[in-house]
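Undergrad: Below is a structure I'd like to ask you about.
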Amino acid sequence: MEAFKYTNKGGRESNQDYAVFKSLSDDCSIYVVVDGMGGYEQGDVAAKIIGDAVIEYAESNKDELSPEELLKEAITYSNENIMLKRIALGGVKMGAVIVVLMVIKDCAYISWLGDSRVYQFRKDKEIYRTEDHSVVNDLRKNNIILSQRDTERYSHIVNRAIMGDDDLSDIPVEKVDIQPNDIFILCSDGLYNGIGVTSVLKFDGKDKSYLDKYSNRAADNYTFIKVAI
């Protein structure tokens, strides 16, 4: 199994995305992409706190909890860390959306809050993706037809995130089967909206120039982790 990560600030003044992964044992590894929320304080700081907290909790508790409970508790722990940081900064608002993938033997466990995504590809065909926690997605599920203008207007509004003060009791975790040569892409919305997920399927961690060239015309940070089973 191989993993490669990439991040770029795109057209933003700073990069508020964060990608991190770690092997927890010979047959278990965890991957996290966090997208700091624009419009709030220190999105880059929030993203790193959350990503590192998830890794820290998973590493310390992997032998004590089921995979599903481990991911839920790791995300809850990251939320508590953001709460403490907000208090230390005088009560400022800060937060992020997150996607987490944990691979254990021949299964993958996926958890997320917000509109960053996990995709699974098999033989270059998409067979799974997470469902956004967003206003636009909720409206579509309720058969409300949006104009192009309204879609653009509400496209960045999420209804689930880690902000240090939310009730995170309903954290989704999905289990998916994996096969040799499957590929997972964890990414922020800047990738799938601005670059396209399939464009990174062949990324091998070496030649980044073709990804760098998008920075001049990408409207947002774009970040991903590619996991090749």
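Undergrad: What spacing in nm lies between the two simple spin-label points modelled at residue 105 and residue 14, each 7 Å away from Cα in the Cβ direction?
TA: 4.4
Undergrad: Here's a follow-up. Report residue 65's accessible area, 1.4 Å probe, all protein chains in place, as a number in Å² to the nearest 10.
TA: Here the residue's solvent-accessible area equals roughly 60 Å².
Undergrad: Modelling each spin label as a point 7 Å along the Cα-to-Cβ direction, I'd like the residue 26/residue 131 distance in nm, to one decimal.
TA: 3.9
Undergrad: Cross-link candidates for residue 206: which lysines have Cα within less than 27 Å, leaving aside residues fewer than 8 places away along the same chain?
TA: Partners within reach: 5, 9, 22, 48, 105, 123, 125, 226.
Undergrad: How much solvent-accessible surface does residue 144 expose, in Å² to the nearest 10, with a 1.4 Å probe and all protein chains in place?
TA: 80
Undergrad: Would you tally the net charge around residue 202, using a Cβ to Cβ cut-off of less than 10 Å, leaving residue 202 out, and scoring K and R as +1, D and E as -1?
TA: Taking every other residue near residue 202 into account, the sum is -2.
Undergrad: Tally up the carbon and sulfur contribution to the accessible surface of the stretch 63-195 as a whole percent, 1.4 Å probe, everything protein left in place.
TA: About 45 percent, which is the carbon plus sulfur part of the accessible surface.
Undergrad: Still on this structure, I have one more. Excluding ligands and nucleic acids, what accessible area in Å² is computed for residue 92 using a 1.4 Å probe, to the nearest 10?
TA: The accessible area comes out at roughly 40 Å².
Undergrad: Averaged per residue, what accessible area in Å² does the chain show with a 1.4 Å probe, protein chains only?
TA: Solvent-accessible surface per residue comes out at 50 Å².
Undergrad: Could you put 76, 198, 130 in order of accessible surface area, largest first, with the 1.4 Å probe and the full protein assembly present?
TA: 198, 76, 130
Undergrad: What number comes out for the charge environment of residue 65, summing +1 per Lys or Arg and -1 per Asp or Glu over other residues with Cβ under 11 Å away?
TA: For residues surrounding residue 65, the net value is -3.
Undergrad: While we're on this one: If exposed GluC sites (Glu not before Pro) are those in a DSSP loop with at most 11 other Cβ within 10 Å, what is the longest stretch of the chain that has none?
TA: Result for the longest clean stretch: 65-229.
Undergrad: Are there trypsin sites (Lys or Arg not before Pro) in the stretch 25-132 that DSSP puts in a loop and that have at most 11 other Cβ atoms within 10 Å, and which ones?
TA: 105, 123
The values are calculated or read from the model by the stated rules, or taken from the named source; none is laboratory data. This structure is a prediction, so every number in the text was calculated from the model and none was measured. Note that we place each Cβ from the backbone using ideal geometry, even for glycine, and neighbour counts take in every protein chain shown. Remember, those area values only see protein heavy atoms, side chains included, never the ligands or the DNA or RNA. Shrake-Rupley method; radii C 1.70, N 1.55, O 1.52, S 1.80 Å.
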